[in-house]
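Let me begin by presenting the structure, written as structure tokens, before commenting on it.
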Amino acid sequence: SNYPEELAVAKLPPGFNWGMTSSAYQLEGAAKDEGRGPSIWDLLSHRNPNQVADNSTGDVLAQHYYLYKQDFQRLAKYGSPYYSTSISWPRIFPFGKGPINEAGIKHYDDVIAELVKHGIKPALSLFHWDTPLALFNEYGGWTNPKIVDDYLNYAKFVIARYDKHVPVWFTFNEPQYCNWQYSYYPAGILYPSYGIGPGINARFICGHYTLLAHAKLAKWYHNEFKGKGRISFKNSGNYYQPVTNSTGDLEAAKRATDFSIGWFGGPWTDGDYPQSLKDTLGEILPTLSKAEKALIKGSCDFYALDGYTAFYVSELPGGANACARNRSDPNYPECGSSSQVAPNGFSIGPAADAGASWLKSTPTGIRKFLSAITKEIFPAVKDIVVSEFGFAEPFESEYASVPDAIWDLRRTDYIQGFLDNILLAITEDHVNVTGAYIWSIMDNFEWGSGIKTRFGMQYVSYDTLTRTPKASWFQARNWFKRHGGEFLPGAE
Ligand code: PNW
């Protein structure tokens, strides 16, 4: 059709990082095996009825803990040079601190060795939401500054052991969601409520400690440990598009962006929280001391964006007055309203599965977002990686059989559109995008939405544990072939 000619011939820059993603709790299973301690997600999925949509848990899942060899073998033939996943803190320190679980380390020694054997480069997250339950019980997990030292103790141990094989480290996956899990935030699909903890504003306290923990680790990594790789954390962020050019809508979109990516991106690029957070939150937002600002500023080697979708933003009906009233409502400190359906009735893009109701396919949004982040929002960012993007095929879980589920045409469109627009951001807009990782290598535990919301590029049968590549799996590979992506020597 009207596939632009410049895109058809465009090539990725050499060394572009690409591959699949996953995380420990969402894929491993074996939750009670080989000395692993419980995490807050074990408590949540077992003890809070109906907080996970289908009452599934991380106990068994795709059994990647035992089947990683065959999973990596398939990945090696596929040929993607990187694989992004996380290490489970409670497998290595079952109590979060104290005695080390040798079986847990041995497991990750084997996992890393297997990746190295195939030439697959690991991009490793040290924390993907699975806070050791013992630390939650003892002092409230991330609500307590004590966790910073326990995290550093664990993270330094892992880095010291694996750095020679790991070119990319992520200190945290999307800290803003982890923080919400500690608050009285109304139960939602990603952050089921514990009904315990010091209230919704705990997220800003937790966020503060995750930032400090990140910055301390990054400083240690470069200055003391003299690590060989690059270190950052994964920012969850979506593109917020003002519905009109009215001042109210523009300001609302700016606030939405500040509360989304500015909360964590402001401190490391500019040395402080965005002004709108300070104005809106007052004493709810912890203050960064001069020393902390200096520690955090510049603490990421690149910007990692988990950017899945886009929203329309408008000011609240009633304008400034409503906003002023709204500021006292801690549920909506950003005082704007965002939606994926514009007031004129146009939807922003095709919808994902109901268990990912926040997600619509908005490929052109990522191109605008990459430019906005690097040119307007955080001009200090010189290098950006799309560390997650992906799609849950709608209603796929209701399909009767594997042959139906693997024809994931909406995901295929999403992935193609995203990759095209990432490439256009590089070639046409001159944004230095250096990598893109697809969520996810295979179907997994989609947190509060359980296992029926399937983000995988491979279908997992939870009866037979068979993995079946979906249409998007092949299409993504073809895309990287066509545009000069690097492949492993062993690729088929
Ligand atoms: C990511 N949003 O979370 C997580 O890193 C994964 O663990 C998760 O499975 C994946 O995306 C799919 O949901 C996100 O609301 C959660 O924009 C929410 C959003 C984005 C990413």
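Annotations for the structure displayed:
- In summary, the lysines within cross-link reach of K297, defined as a Cα separation below 20 angstrom excluding same-chain residues under 8 places away, comprise K216, K219, K226, K234, K278, K375, K382.
- Accessible area of the chain belonging to carbon and sulfur atoms, whole % at 1.4 Å probe: 53
- Mean separation of Cα contacts under 8 Å (6+ apart) over length of the chain, as relative contact order %: 19
- Global form of the chain, assessed from the alpha-carbon gyration tensor, a/c cut-off 1.5: rounded
- Only DSSP H runs of four or more residues enter the estimate; each adds -39500 (n - 2.57), and after division by the residues of the chain the mean residue ellipticity at 222 nm equals -11000 deg cm²/dmol.
- In this simple spin-label approximation, S357 and V9 carry label points 7 Å from Cα along the Cα→Cβ vector, and these lie 4.8 nm apart.
- Think of a 1.4 Å ball rolled over the protein heavy atoms: the chain then has 37 Å² of accessible area per residue.
- DSSP-assigned coil residues among trypsin sites (Lys or Arg not before Pro) in the range 203-303, each with at most 14 further Cβ atoms within 10 Å: K226, K228
- Separation between Cα centres of the range 233-260 and the range 134-165, rounded to whole Å: 33
- Close amide H partners of F16, meaning residues 5 or more places away or on another chain with modelled amide H under 5 Å apart, are E486.
- Taking all protein chains as they are arranged and a probe of 1.4 Å, the heavy atoms of W473 leave approximately 10 Å² accessible to solvent.
- Radius, Kirkwood style, for the range 400-445 when every pair of distinct Cα atoms is counted (Å): 12.7
The values are calculated or read from the model by the stated rules, or taken from the named source; none is laboratory data. Worth saying up front: this structure is predicted, and the values here are computed from it rather than measured. Cβ: placed from backbone, ideal geometry, glycine included. Neighbour counts: every protein chain shown. Surface areas here come from the heavy atoms of the whole protein model, side chains and all, with no ligands, DNA or RNA. Shrake-Rupley method; radii C 1.70, N 1.55, O 1.52, S 1.80 Å.
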